[in-house]
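Undergrad: Have a look at the structure that comes next, please.
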Amino acid sequence: MDAKLIQWTPSLGTGILWQDMQHRTLIDQINALHNAIRAKKGAGQIDPLIAFLDSYVVHHFSIEEKYMDRYRDPEMAHHVAQHTSFAKNLAELKTYRPAQGELAAESLCYDLYEWFKNHILSIDKRLGEFLKAIGEK
């Protein structure tokens, strides 16, 4: 049975529709990756999940950064630094190979989850409030 590393709850919502939908997709993919690692799936199943996350995160971060730039979000520099940190952690996970051991991969996946959860609950929530204050939905 698949275990959820992170479960979407209303508390994770930012109130910005596109952002919340993308966050839900990212959560689903982090959960799928975690389950593939725990089930000791081979690189043939794990690598595509990591590649999806890599591509999707770049796309998601790009959209957030365009909104921050467009509306001159005063927290943009800090927010972009957070995105860079996540990308670095994901790059580390991309170097994972089954020979390194399940524990190392689970640890990296858990780090991604913790970062993502904390990022949504703090900086993305503030971005959502900022965007709603200027009339974005």
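Undergrad: Of all residues in the range 71-96 being surrounded by 12 or more Cβ atoms within 10 Å (Cβ to Cβ) and at pLDDT below 85, which is nearest to Trp115 (Cα to Cα)?
TA: Among residues in the range 71-96 that are surrounded by 12 or more Cβ atoms within 10 Å (Cβ to Cβ) and at pLDDT below 85, the one nearest to Trp115 (Cα to Cα) is Phe86.
Undergrad: So in the range 32-68, with the set limited to residues that are of a type in the set (Ser, Thr, Tyr) and surrounded by fewer than 13 Cβ atoms within 10 Å (Cβ to Cβ), which one is nearest to Leu90 (Cα to Cα)? Full working, then the answer.
TA: In the first step, residues of the range 32-68 are kept if they are of a type in the set (Ser, Thr, Tyr); the result is 55-56, 62, 67.
From what is left, the residues that are surrounded by fewer than 13 Cβ atoms within 10 Å (Cβ to Cβ) are 55, 62.
Details: Ser55: 11, Ser62: 16 Å.
Per the stated criteria, the residue is Ser55.
Undergrad: Moving to a separate point now. Which of (1) of a type in the set (Gly, Ala, Ser); (2) within 22 Å of Ser11 (Cβ to Cβ); (3) surrounded by 18 or more Cβ atoms within 10 Å (Cβ to Cβ) is the odd one out, the single condition Ser122 does not satisfy?
TA: (3)
The values are calculated or read from the model by the stated rules, or taken from the named source; none is laboratory data. This is a predicted model, so every value here is computed, not measured. Ideal geometry is used to build each Cβ from the backbone, glycine not excepted, and the neighbour counts take in all protein chains shown.
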